[in-house]
Amino acid sequence: MFGAPQPVTASSTPLVPLPRRPLGPSGASGQVRRWYENELGWPTVPGDPLRLLVGVRYDVLDVPAEAGHAALRRLASGSPVALHGGRMLLLVAAGSAEELPGLLEWLDWGALPLDLAAIGAGGLMEAPSPLVPHGEKAVPHGERPVPPARGSRTAAPCEAGVPPAPWGRGGSQGAAVWLRPPEPGCEVEASLPTLGGCEGAPDLVRLVNTVATQCHRVRLRRACAEPPAMRAQGR
């Protein structure tokens, strides 16, 4: 009456579900990536932890945090600065990394061993957390910033739908954080130190000279703090 039963084939009822298209980054990490790419226009690279591609919109000066704090007065108020462990990352105009060796020579710092490095085209920088405490106190190596009191304005929530990460989470100890975070919707290039301080931007030469001076002072203080036996071995 109902006809012969039809055989069940693999095409009519698959035993194994069809593979799904991989989803894009999701969760907090995906939101942070979209914040950097969509709101700031900063290129990132695949992988975890999230890293930023340097040399496109900016270069980076990597200095001891103790030396970097003395150089903050040489920066514009909107110039982004990050902390990574005991290091400070100062964002400067793209192309500045190539100028650094010549600047140090011209400023008579070229012959001295300075704990100063530059990251330029093709380099990478760990993406700092979008929520950081404001202020100008270095974070000791291996420690997290102290969370602000409830209702305090010393924290800057990230924008464009990126939820602020809970304090003490979202990164390992010593992870990069913003000391002076970038502002979405603003052209970062206008606030970055450049040669000659073009169009009101801070002067890269003065910044490098200040940082080099402070790096040298930090090195001398550390050397004086070493036991005499260790100083003799370093000669």
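For Pro166, are the conditions met, namely being surrounded by 13 or more Cβ atoms within 10 Å (Cβ to Cβ) and either closer than 21 Å to Arg34 by Cα or at pLDDT below 50 (or both)?
On the way: surrounded by 13 or more Cβ atoms within 10 Å (Cβ to Cβ): no; either closer than 21 Å to Arg34 by Cα or at pLDDT below 50 (or both): yes.
So Pro166 fails the test.
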- Cβ pairs under 7 Å, 6+ apart or interchain, first in region 206-230 and open to solvent by 80 Å² or more (accessible area, probe 1.4 Å), second in a helix (DSSP H, G or I) and at pLDDT below 90, ordered by first then second residue, are Arg206/Arg74
- Query: Looking at (1) over 23 Å from Ser79 (Cα atoms); (2) of a type outside the set (A, V, I, L, M, F, W, C); (3) at pLDDT 50 or above, which is the only condition Pro128 fails?
  - Reply: (1)
- Message: Please pick out the residue among Ala121, Ala190 that is at pLDDT 60 or above and more than 16 Å from Leu40 (Cβ to Cβ).
- Response: Ala121
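Name the residues in region 206-228 that are in contact with a helix residue (DSSP H, G or I) (Cβ under 6 Å, 6 or more places away or on another chain) and of a type in the set (Val, Ile, Thr), would you? I'd like the intermediate steps shown before the answer.
First, pick out the residues of region 206-228 that are in contact with a helix residue (DSSP H, G or I) (Cβ under 6 Å, 6 or more places away or on another chain): 206-208, 210-211, 214-215, 218.
Within region 206-228, Val208, Thr210, Val211, Val218 qualify.
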- Only one of Val56, Val32, Val81 that is in contact with a Pro (Cβ under 7 Å, 6 or more places away or on another chain) and either under 19 Å from Ser191 (Cα atoms) or surrounded by fewer than 20 Cβ atoms within 10 Å (Cβ to Cβ) (or both): Val56
- Note on the structure: Of (1) modelled with pLDDT of 95 or more; (2) open to solvent by 30 Å² or more (accessible area, probe 1.4 Å); (3) over 13 Å from the mean Cα position of the chain (by Cα), Ser96 satisfies every one except (2)
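The values are calculated or read from the model by the stated rules, or taken from the named source; none is laboratory data. From a predicted model like this one, the values you see are computed outputs, not experimental measurements. Positions of Cβ are backbone-derived with ideal geometry, glycine not excepted, and every protein chain shown enters the neighbour counts. Quick note on the areas: whole protein, heavy atoms, side chains included, nothing else; ligands and nucleic acids left out. Shrake-Rupley method; radii C 1.70, N 1.55, O 1.52, S 1.80 Å.
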